[in-house]
1. Starting from the Cα gyration tensor of the stretch 142-233, take the square roots of the eigenvalues, sort them a ≥ b ≥ c, and report rounded, prolate or oblate (rounded when a/c is under 1.5, otherwise prolate if a/b is larger than b/c, else oblate).
2. What is the Cα centroid distance between the stretch 185-232 and the stretch 43-102, reported in whole angstrom?
3. Lysines within cross-link reach of residue 215: Cα-Cα under 24 Å, excluding same-chain residues under 8 positions apart?
4. Once a ≥ b ≥ c are taken as the square roots of the eigenvalues of the Cα gyration tensor of the chain, is the result rounded (a/c under 1.5), prolate (a/b larger than b/c) or oblate (a/b not larger than b/c)?
5. Can you compute the charge dipole magnitude of the chain about its Cα centre, using +1 on each Lys and Arg Cβ and -1 on each Asp and Glu Cβ, nothing else charged? Give it in debye, rounded to the nearest 20.
6. If a/c stays under 1.5 just call it rounded; otherwise compare a/b with b/c (prolate if a/b is bigger, oblate if not). Do that for the stretch 1-46, with a ≥ b ≥ c from the square roots of the Cα gyration tensor eigenvalues.
7. Figure the gain on full extension for residue 43 and residue 79 (residue separation times 0.36 nm, minus the Cα-Cα span) and round it to one decimal in nm.
8. Do you know the relative contact order of the stretch 3-229, to the nearest whole percent, from alpha carbon pairs under 8 angstrom that are 6+ apart?
Amino acid sequence: MARVHYLQHVPFEGLGSIEQWLIDHQHQITVTRLYANDAFPDINDIDWLIVMGGPMGIYDYDEYPWLKSEKAFIRACIDADKTVLGICLGGQLIADTLGAKVTRNPHVEIGWLPIQVNAQSRETAIGKILSEADQVFHWHSDTFSLPERAQHLAKSEGCANQAYLYNGKVLGLQFHLETTREGAQALCKECADELVPNTYIQTAKEILHSEPKFKHANQLMAKLLTALSQTLK
């Protein structure tokens with residue numbers, strides 16, 4: 001049993017399909033809800049950190065002052081050799097703590113869009129799993145640069161850096177594999193103003209009428225979690 005702690009930035013972006021996988025594998029789950037000013041745990045009390053997504057930017061300190069302490073906590077977990085998974089905003093926060101830059105992406109990506117795993121990464125355990133993805137779920141306007149000594153895993157037509165692996169056990173994803181249809185429905189409601197016609201932006205109808213895509217993405221998330229669980233001490 002692993003002690004898994006996750007950081008949640010807004011009420012409508014929770015663990016998604018990750019929660020059931022953790023329950024099925026009898027892992028202990030704890031949470032810091034940043035929006036509710038929850039405290040961070042002692043890093044000695046956790047084995048695995050998961051950093052979820054959110055609509056804010058990672059430098060919005062005036063509106064979200066807890067971002068600074070969150071980054072310090074993430075960095076402490078990495079330095080303590082914890083397994084760390086960051087999704088969307090989470091991947092950006094991890095990249096920032098590793099010295100990489102987070103900037104506006106040339107394109108906003110929202111909806112089901114393909115990623116391309118580079119040839120070298122297809123030979124790795126994580127890369128093989130990502131290679132099974134036809135289309136993955138995106139909802140972002142910012143992007144991370146690649147942290148120094150991190151392995152680049154994937155890109156998309158509209159975003160050069162979609163995934164990276166650092167030190168074999170810190171995984172940053174720009175896209176979502178954990179999102180369920182219910183989670184996407186909440187995003188479409190809470191962030192409806194972002195659904196404007198554009199090259200890489202789909203409509204709510206296109207996003208939600210894709211039940212097989214949610215199922216396949218969640219299955220890949222489970223495979224990724226299984227692979228990451230092998231890195232736990």
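Throughout, read-outs are computed from the coordinates displayed, never taken from laboratory work. As the structure is a prediction and not an experimental result, all values here were calculated from the model. Please note: Cβ atoms are built from the backbone with ideal geometry, for glycine as well, and neighbour counts cover all protein chains shown.
1. Working: a/c = 2.57, a/b = 1.48, b/c = 1.74.
In terms of gyration-tensor shape, oblate.
2. Value for the Cα centre distance between the two parts: 21 Å.
3. Reachable lysines: 128, 155, 189, 205, 223.
4. Details: a/c = 1.30, a/b = 1.18, b/c = 1.10.
Rounded.
5. Details: 20 positive and 28 negative charges, 115 e Å.
Computed charge dipole of the chain: roughly 560 debye.
6. Values: a/c = 3.75, a/b = 1.19, b/c = 3.15.
It is oblate, given that a/c is not under 1.5 and a/b is not larger than b/c.
7. On the way: separation 36, 0.36 × 36 = 12.96 nm, distance 1.04 nm.
Roughly 11.9 nm would be gained on extension.
8. Values: 439 pairs, mean separation 46.6, N = 227.
So the answer I get is 21 percent.
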